[in-house]
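After the structure tokens below, expect a handful of questions from me.
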Amino acid sequence: MGKSTLKFIRLSPTKARLIAREVQGMNAELALASLEFMPNKAARVISKVIASAVANGDYEPEEVIVSSCRVDRGPVLKRFRPRARGRATPIRKPTSHIFVEVSKEQDKDK
């Protein structure tokens, strides 16, 4: 089993979870190919994490599946934007933690 983690990425976890649900359970080679043509920032980031997990397990992308792709919420950067009449409104810049596990085809059943 190969694992990979990417922490504190400047990406909204809700946007990243949409992409993570698409690739979960897919063959790693097929997942990397489909992520390459998605226009989202999350797709580029998750494809790099999947490639890293495959390399960490000393596998080839054809022989493994993405057994788990999880996106957790990280800390939120809080900024303020000046507004009219001396007021300020908050801006929240969320971060994410992305965890990917790949495993061999037969290990999925265990």
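Quick check: anything in the stretch 51-62 over 14 Å from residue 1 (Cβ atoms), surrounded by 15 or more Cβ atoms within 10 Å (Cβ to Cβ) and within 16 Å of the chain's Cα centre (by Cα)?
Taking every residue of the stretch 51-62 in turn, at least one turns out to be over 14 Å from residue 1 (Cβ atoms), surrounded by 15 or more Cβ atoms within 10 Å (Cβ to Cβ) and within 16 Å of the chain's Cα centre (by Cα).
Looking at the stretch 24-42, which of its residues are under 28 Å from residue 77 (Cα atoms) and buried (at least 20 other Cβ atoms within 10 Å of the Cβ)?
The answer is 35, 42.
Take residue 51 and tell me if it is in contact with a Leu (Cβ under 8 Å, 6 or more places away or on another chain), in a helix (DSSP H, G or I) and either of a type in the set (Lys, Arg) or closer than 22 Å to residue 104 by Cβ (or both). Quick ask: steps written out before the conclusion?
Values: in contact with a Leu (Cβ under 8 Å, 6 or more places away or on another chain): yes; in a helix (DSSP H, G or I): yes; either of a type in the set (Lys, Arg) or closer than 22 Å to residue 104 by Cβ (or both): yes.
Yes, satisfied.
Could you list, in sequence order, all residues of the stretch 54-98 that are closer than 20 Å to residue 18 by Cβ and touching a Leu at 6+ places or on another chain (Cβ under 8 Å)?
Residues satisfying the conditions are 92, 93, 94, 95, 96, 97, 98.
Taking the options 30, 77, 11, 35, name whichever one is in a strand (DSSP E or B), modelled with pLDDT of 95 or more, of a type in the set (A, V, I, L, M) and out of contact with any Cys (no Cβ under 7 Å at 6 or more places or on another chain).
77 is the lone residue from the list that is in a strand (DSSP E or B), modelled with pLDDT of 95 or more, of a type in the set (A, V, I, L, M) and out of contact with any Cys (no Cβ under 7 Å at 6 or more places or on another chain).
The values are calculated or read from the model by the stated rules, or taken from the named source; none is laboratory data. Note that the coordinates shown come from a computational prediction; the quantities given were computed from them, not determined experimentally. Glycine also receives a Cβ, built like all others from the backbone with ideal geometry; neighbour counts cover every protein chain displayed.
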